[in-house]
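Scroll down for the structure; my scribbles are underneath it.
The values are calculated or read from the model by the stated rules, or taken from the named source; none is laboratory data. None of these values were measured; they are calculated from a predicted model. Methodologically, a virtual Cβ is constructed for each residue, glycine included, from the backbone with ideal geometry; neighbour enumeration extends over all protein chains shown.
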Amino acid sequence: MEKKFINLSKNFSVKNSSVGVPEIDAQHEHLINLINKLSKMCLERDEVSDIAFAMMIKQTLYFIQFHMNCEKELMEETAYPELEVHNQFHHVFFMNFLKQIRAFESRDCFAPEKLPDFLYEWLNSHLIMDTDMGLHLRKSGYLVA
Ligand SMILES: [Fe+2]
Ligand SMILES: [Fe+2]
């Protein structure tokens, strides 16, 4: 999975990011692709139209929301003990991302050059945190592809 990063962000790399649950791994792969695309657009912001940028940022937001809901359902179904902490971590990131999208929409203090680091740092910690969830899901017998 490491090769899929375009590594726009300094010192960013993710190794062995598989959580061992095919459904979640496939979603993470899609998430990585979206974040790569959005980050590339951020760095080429002057050449990207507002409409194209807005569509990409919304697409990423919607998929993150979908992904977090899927994880939440799986954690609930399998009574994951770290459910609350995990959901809170999702929530904090999501609200911060929303804040940046609103800044872009209102043209108020939006810094596209800072978005890639923000997204990659979150992605890195998200994948690390999901490793424990993946372990729990596998122990619970959840391995649906
Ligand atoms: Fe995840
Ligand atoms: Fe997660």
Residue within segment 77-98 that is part of a loop (DSSP other than H, G, I, E, B), at pLDDT below 95 and exposed (fewer than 14 other Cβ atoms within 10 Å of the Cβ) present: no
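For every residue, the table says whether it meets (1) among the aliphatic types (A, V, I, L, M); (2) touching a residue at least 40 places away in the same chain (Cβ under 8 Å).
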site: Gln59; (1), (2): no, no
site: Phe66; (1), (2): no, no
site: Leu83; (1), (2): yes, no
site: Glu105; (1), (2): no, yes
site: Pro112; (1), (2): no, yes
site: Thr131; (1), (2): no, yes
site: Leu135; (1), (2): yes, yes
Just one listed residue, out of Leu127, Leu115, Leu123, Leu135, is surrounded by 12 or more Cβ atoms within 10 Å (Cβ to Cβ), farther than 19 Å from Asn36 by Cβ and either among the hydrophobic types (A, V, I, L, M, F, W, C) or in contact with a strand residue (DSSP E or B) (Cβ under 6 Å, 6 or more places away or on another chain) (or both), and it is Leu135
When every residue in segment 39-70 that is of a type in the set (Val, Ile, Thr) and in a helix (DSSP H, G or I) is compared, the one farthest from ligand 1 (Cβ to nearest atom) is Ile51
